[in-house]
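The values are calculated or read from the model by the stated rules, or taken from the named source; none is laboratory data. The structure displayed is predicted, hence computed values, not measured ones. Neighbour counts are summed over all protein chains in view; Cβ atoms, including those assigned to glycine, are modelled from backbone coordinates with ideal geometry. For the accessible areas, the whole protein counts, side chains as well, though only heavy atoms, and no ligand, DNA or RNA atoms are used. Shrake-Rupley method; radii C 1.70, N 1.55, O 1.52, S 1.80 Å.
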Amino acid sequence: MPITKLIPTLVSAIAAILVVAIALLSVQNATPVSLQFLGFSSIPLPVGLVLATSTGLGMIGGALALPLFRKGRHVS
């Protein structure tokens, strides 16, 4: 079996493991936290929501930035 057929399965498995890990952490850590950045403070949010939001935004940002760093390939 060629490696190109295994890549989507591996990506799906890694995403599933990440979702399960976030779910476990959010169930165990339901206490609200407040984020502070440059003097600004957010409303208290559960740790799981903060983790899920930051992970989702990171995955979307990485997917959008990926074409910027590919050299020698033209995206069409």
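Calculate, for the chain, the solvent-accessible area per residue in square angstrom, rolling a 1.4 angstrom probe over the heavy atoms of the protein chains. Before the final figure, lay out each step's value.
Details: 6590 Å² over 76 residues.
About 87 Å² of surface per residue is accessible.
Let's test this: bin the Cα-Cα distances of the chain at 10 Å from zero up to the farthest pair and state each bin's percent.
For the chain, the binned pair fractions read 15, 30, 31, 17, 7, 0 percent.
Roughly to the nearest percent, how much of the accessible area of the chain is carbon and sulfur, given a 1.4 Å probe?
On the way: 4910 of 6590 Å².
The C+S portion of the solvent-accessible surface of the chain is 75 percent.
Determine the gain in length on full extension of the stretch residue 6-residue 66; use 0.36 nm per residue of separation and subtract their C-alpha separation, reporting nm with one decimal.
Numbers: separation 60, 0.36 × 60 = 21.60 nm, distance 2.03 nm.
Using 0.36 nm per residue and subtracting the Cα-Cα distance, I get 19.6 nm.
Give the angle, between 0 and 90 degrees and rounded to the nearest 10, that separates the Cα long axis of helix 47-69 from the longest principal axis of the Cα atoms of the chain.
30 degrees
With springs only between Cα atoms under 10 Å, which of 48, 39, 56 fluctuates most in a Gaussian network model of the chain?
Most flexible of the set in this elastic network: 39.
Starting from the 7 Å offset along Cα-to-Cβ, what nm value, one decimal, do you get for the label separation of residue 29 and residue 14?
According to this spin-label approximation, the distance is 2.2 nm.
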